[in-house]
Amino acid sequence: DWSIGRLFKMNIGLRVSQYTHEKRHYVRPEPRFSARYLLNELTSVKGSYALMNQYIHLLSNTGIGLPTDLWVPATKNIGPQHSQQVALGIARDIPKHKLTLTVEGYYKKMEDIIHYKEGASFLEGDGEGGDDFNYEDQVTAGQGESYGGEIMLQRKVGKFSGWIGYTLSWTKLQFDELNFGKPFYARYDRRHDISLVGIYKINDHVQIAATWVYGTGQAITLPLANYQVQQHNIDVNNSMFYGGNYYVEYYGDKNSFRMAAYHRFDVSAQFVKQLKRSKRTFEVGLYNAYNRKNPFFYYINTDSRGNNKLKQVSLFPILPSVSWTYAF
């Protein structure tokens, strides 16, 4: 930490990480820098820079069906991913209403990230039962970028506290072997993200809390159409004959479809009793209080007439909860 006078303060750091896989050594420096400057007693400007490395890759399927996230390590052939991120923001206190307003923007560049090749799956293997599965054969490497801005209004003191936050962001990926080399949105790209949190302390023994969250639906790839193809086969006498017909699905751009938006409302009440040598807290709550059917995954259902319909599967309806906690 380094302060220059009363108005300017910096935090500078350097970390060096090392990772080894089958005698392949990765040694990566990770510098970071952040600074804050006071414009006046109520307003400050802040900025930061960080270089980060990650030795565990996330593999996510982007089609319909049960979502499967797989964490795989960097190897001697698949190097670690790394990123650089810069952020700039301004914060202002509003003493009259005991509020703090923060506005911030960021940009992040990612390199050496991986994604499944077209048609690949973590279920595939080289031997019977997939015992010889090697994920390196199923993936391709590329790059990505993420950028956006956030605004937050927060109150930390008084009987009523909480915050309102809104984030607008974009996350795009680019792979030479996918989507004809064109950038596409990541599965977890979330255009809009909203959170409303309120906590009201009735007295020293009772407080209630409520939370509402909203997020743009995940980006996935859907078949846009299917068409019938006649199979052609050649027998041992080099004669061609026609086999049966089968259907082929046609896909558009990768991750061009959005799942339904995710949102829910949670509410809880806490009853606290201070004992001689401990504190007892009894809490009751409702998760997803208005029983929003958020999508978990989609599948295509074909009826008896051959019509395809997109179906949604949801989890976690309205759920009550009770907890009893002792702190000593």
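The values are calculated or read from the model by the stated rules, or taken from the named source; none is laboratory data. Keep in mind the model is a prediction, meaning the values are calculated, not measured. Glycine gets a Cβ as well: all are built from the backbone with ideal geometry, and neighbour counts include every protein chain shown. The area values use the complete protein model at the heavy-atom level, side chains included, leaving out ligands, DNA and RNA. Shrake-Rupley method; radii C 1.70, N 1.55, O 1.52, S 1.80 Å.
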Report yes if some residue within the stretch 90-99 is of a type in the set (Lys, Arg), more than 22 Å from VAL213 (Cβ to Cβ) and either modelled with pLDDT under 95 or not in a strand (DSSP E or B) (or both); otherwise report no. yes
Over the stretch 185-207, the set of residues loosely packed, with under 13 Cβ neighbours inside 10 Å and of a type in the set (A, V, I, L, M) is ILE202, VAL206
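The rows are residues; the columns are (1) of a type outside the set (Phe, Trp, Tyr); (2) at pLDDT below 90; (3) on the phi < 0 side of the Ramachandran plot.
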{"residue": "VAL213", "(1), (2), (3)": "yes, no, yes"}
{"residue": "TYR227", "(1), (2), (3)": "no, yes, yes"}
{"residue": "TYR242", "(1), (2), (3)": "no, yes, yes"}
{"residue": "ASN245", "(1), (2), (3)": "yes, yes, yes"}
{"residue": "PHE257", "(1), (2), (3)": "no, no, yes"}
{"residue": "HIS263", "(1), (2), (3)": "yes, no, yes"}
{"residue": "VAL267", "(1), (2), (3)": "yes, no, yes"}
Residues that are under 23 Å from ASN291 (Cα atoms), β-branched (Val, Ile, Thr) and in contact (Cβ under 8 Å) with a residue 12 or more places away in the chain: find the strands (runs of 3 or more DSSP E) completely inside the stretch 156-239 holding 3 or more of those. 192-201, 206-215
Flagged pairs (Cβ under 6 angstrom, 6 or more apart or on separate chains; first in the stretch 251-273, within 25 Å of HIS192 (Cα to Cα) and of a type in the set (A, V, I, L, M); second outside any strand (DSSP E or B) and open to solvent by 50 Å² or more (accessible area, probe 1.4 Å)) are MET259/GLN218
So in the stretch 56-102, with the set limited to residues that are small (Gly, Ala, Ser) and under 17 Å from ILE151 (Cα atoms), which one is nearest to the chain's Cα centre (by Cα)? ALA87
Give me the pairs: first residue in the stretch 112-141 and at pLDDT below 85, second residue aliphatic (A, V, I, L, M), beta-carbon distance under 6 Å, and six or more apart or on different chains, which are they? PHE122/LEU70; TYR135/VAL72
Has the stretch 288-306 got any residue that is within 16 Å of HIS205 (Cβ to Cβ), in contact with a strand residue (DSSP E or B) (Cβ under 8 Å, 6 or more places away or on another chain) and not hydroxyl-bearing (Ser, Thr, Tyr)? no
Can you tell me which condition ASP112 does not meet? The list is (1) open to solvent by 40 Å² or more (accessible area, probe 1.4 Å); (2) at negative phi; (3) of a type in the set (Asp, Glu), and all the others hold. (2)
Across the stretch 25-72, the tally of residues that are in a strand (DSSP E or B) and touching a residue at least 12 places away in the same chain (Cβ under 8 Å) stands at 32
